[in-house]
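I have placed the structure first, in the form of structure tokens, so that the comments after it can refer back to it.
The values are calculated or read from the model by the stated rules, or taken from the named source; none is laboratory data. In this text, all values refer to a predicted model and were calculated from it rather than measured experimentally. Methodologically, a virtual Cβ is constructed for each residue, glycine included, from the backbone with ideal geometry; neighbour enumeration extends over all protein chains shown. These area figures cover heavy atoms from the full protein model, side chains too; ligands, DNA and RNA do not enter into them. Shrake-Rupley method; radii C 1.70, N 1.55, O 1.52, S 1.80 Å.
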Amino acid sequence: MNFCLSDLVPPLRWSDAATILAGRAGLPDAWWRSLPMGRVLPAFGVDALSELLTDLTLEQWPAAAVGDVLPALHVLDPDDADDPQVGIALDRAGSWPGLLALTGRELTEQPFVKARPLLAALYSAVLSKLAATEVPSRTPVEPEPEDPEPEEPYETRAALKTPFRAPFETKARAEEPEDDATQPPVVPQPRLTGEDDDPDFPDVIDRVFASLDDHSWMVAQNRVFTDSPTSPESLSKLLGVPASLIEVTENTLRARLKEWLASPPAARYRGYLLNLTDLLGVAAPKSRLVNAAEWHTRELASLDVLAWQFVLATLPGYQVSGDWVVQGDLAELHERTRGLIVNAERPPTVSRALELVSSLGIHPEVAKEWLENVPQLRIQSPNGAAPAPAAPPAPPAPPRPSDVSQTQRCFRQPDGRWWLRVDVDAGHLAGTSVGLPEGFALYLGLSPGGERTVRSAAGDVTMTWRESPAIDSLGRILSEVAAKEGSHIFLTLSDEGMLRVRHLPAANSGDTIARALRLVGYTAPGGNSDQADRVIATRIGLTGPTPPDELRARLRERGDRDLLSLLG
């Protein structure tokens, strides 16, 4: 049972509940996301832990649906929650999904329903089943118990029908082949020498950053250890805190990183960085950094980022610009390169140009690729022909929607994550690629030219960003959930980097308000136009009271024409 409470209760990842949970006698810091449930349950007991979750639901998350607080309730047999209060609430709600769609605040307003004993009974039913489950310790696989929708997702449907299982773990190194030579190389990449003598840097780094609180952990992922940082304003909306607090946290993290880098325990790592800068030169393709060492492609469990992103953040003066890792300013290096060519005694040939750029600190093996990527640069052809006239500067590209809240069909669910709605068509069912809006791709950590393979309940799924970002295929997943043309799939990545999927069948009939709410992933029964406006405004990242005109203007900016037509 080596998954933790925050895997079972998603709001713990996104709220300030740490102030309530911290300081429990006999438990380590951040125990709710570091301590296996096999130790948490004996420390609390089922009843006490149920009461704690009840307090959090009513006091910290009153606007969250009960099924969002503890998603495993969606696959719990109602007969397992045999309590008079559950029976009364079921009669009021009309169905089990209807009950789980109610928020803590709504439960307190229901006549004849006593919210506190009801919640305690529901949570106790899940925890009791969990406590009675014996899990083989040598077969860890991923659970997906979270589901913000009343419908049962296929990832979680079996969560309470089979023993609870461990969440995502980084691939054990024992599974990796010991001899790199046995792996067919795709593109030959230089590697640092002496790797075998280096300590296990991922383990060293994980020990340093294992104790981050949830807020710092999110800022570390999205601001410090990334090559496509989320803006403080966007992150503040996601976390529900002022942007100034994001900046303070970021500065604190960078100071902590700087302090560790200067410490004696980091001496070997500093030496490693020195060797790495020699390998990279002043500019190198990003792939050269990613593949410089085997461990660069491993995931750091403490930060949930790939190791090369941590390395990039610690390389002095380096930054990613497009597909290049550059020491200093990319535009300035481009200008210096053009100056060398223009000021040469005669128009240089390619071979001569390669010699010239080496004086800038660009290694010969990447010099040709560098020259090909410098804008407005002409090189003498090998046969001595006159160079072609320089192409006029390309018009500036339109700005990319880097803010996921401004991205069409992206909605923030109560678990705090942004989800993309995919409207299933015949091509998707046949296994063709599924396009991702750029804002959502950036939110997932994908960058132009990048590729990322993530795990799902139906196997590995590959995301790429060539001409535009896309998922290679969702055919197997769509088959698993019995999706049909016109139905909706909601996608996001879990904390453990696993692709999570929600399936909603098509709803072309019914009133327009219910259909509009369904398009943002809200399926609770009932609702009027005012409630729809509030729900949709919240799910596209607006805060506070939002006038209808402002909501519709934002939907128009995002391109959500389907919602606009339904809202009128």
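Of note:
- Complete set of residues in region 406-437 that are of a type in the set (Asp, Glu) and either part of a strand (DSSP E or B) or surrounded by fewer than 21 Cβ atoms within 10 Å (Cβ to Cβ) (or both): Asp423, Asp425
- Test: Ala125 is out of contact with any Cys (no Cβ under 8 Å at 6 or more places or on another chain) and either buried (at least 20 other Cβ atoms within 10 Å of the Cβ) or aromatic (Phe, Trp, Tyr) (or both): yes
- Close pairs from region 198-222: first part of a helix (DSSP H, G or I), partner of a type in the set (Lys, Arg) and open to solvent by 10 Å² or more (accessible area, probe 1.4 Å), Cβ under 8 Å, at least 6 apart: Pro202/Arg298; Asp214/Arg13; Asp214/Arg33
- Identity of the residue in region 534-565, in contact (Cβ under 8 Å) with a residue 24 or more places away in the chain and open to solvent by 30 Å² or more (accessible area, probe 1.4 Å), that ends up farthest from Gly94 (Cα to Cα): Glu557
- Residues in region 438-451 that are part of a loop (DSSP other than H, G, I, E, B) and touching a Leu at 6+ places or on another chain (Cβ under 7 Å): Leu444 only.
- Scanning region 522-533 for residues being more than 17 Å from Arg558 (Cα to Cα), at pLDDT 80 or above and either open to solvent by less than 40 Å² (accessible area, probe 1.4 Å) or part of a helix (DSSP H, G or I) (or both) gives a total of 4.
- Per this entry, Leu41 is counted among residues that are under 19 Å from Leu12 (Cβ atoms) and open to solvent by 10 Å² or more (accessible area, probe 1.4 Å).
- Residues located in region 62-114, provided they are under 34 Å from the mean Cα position of the chain (by Cα), small (Gly, Ala, Ser) and surrounded by fewer than 20 Cβ atoms within 10 Å (Cβ to Cβ): Ala63, Ser95, Gly98
- Of the residues screened, Ser231 is one that is within 19 Å of the chain's Cα centre (by Cα) and surrounded by fewer than 21 Cβ atoms within 10 Å (Cβ to Cβ).
- For region 465-479, the set of residues classified as outside any loop (DSSP other than H, G, I, E, B) and open to solvent by less than 10 Å² (accessible area, probe 1.4 Å) consists of Trp465, Pro469, Ile471, Ile477, Leu478, listed by residue number.
- Cross-chain or 6+ apart pairs with Cβ under 6 Å, region 453-478 first and among the small types (Gly, Ala, Ser), then open to solvent by 20 Å² or more (accessible area, probe 1.4 Å) and at pLDDT 85 or above: Ala458/Arg476; Ala470/Ser433; Ala470/Gly435; Ser473/Gly431; Gly475/Gly431
- In the set (1) buried (at least 16 other Cβ atoms within 10 Å of the Cβ); (2) among the aliphatic types (A, V, I, L, M); (3) at positive phi, the condition left unmet by Ala482 is number (1).
- Evaluation of Gly416 against (1) farther than 30 Å from Leu8 by Cβ; (2) in contact with a helix residue (DSSP H, G or I) (Cβ under 9 Å, 6 or more places away or on another chain) (one fails), failing number: (1)
- Residue match in region 502-511 (condition: over 26 Å from Asp227 (Cβ atoms), open to solvent by less than 10 Å² (accessible area, probe 1.4 Å), in contact with a His (Cβ under 7 Å, 6 or more places away or on another chain) and at pLDDT below 90): yes
- Conditions (1) open to solvent by 30 Å² or more (accessible area, probe 1.4 Å); (2) under 26 Å from Leu289 (Cα atoms); (3) not aromatic (Phe, Trp, Tyr); number of the one not met by Leu245: (2)
- Test: Leu303 is open to solvent by less than 10 Å² (accessible area, probe 1.4 Å) and in contact with a helix residue (DSSP H, G or I) (Cβ under 6 Å, 6 or more places away or on another chain): yes
- You will find that of Arg288, Arg270, the residue that is of a type in the set (Lys, Arg), in contact (Cβ under 8 Å) with a residue 12 or more places away in the chain and either in a helix (DSSP H, G or I) or surrounded by fewer than 17 Cβ atoms within 10 Å (Cβ to Cβ) (or both) is Arg288 and no other.
- Filter pass, Asn275 being closer than 21 Å to Val219 by Cβ and open to solvent by 30 Å² or more (accessible area, probe 1.4 Å): no
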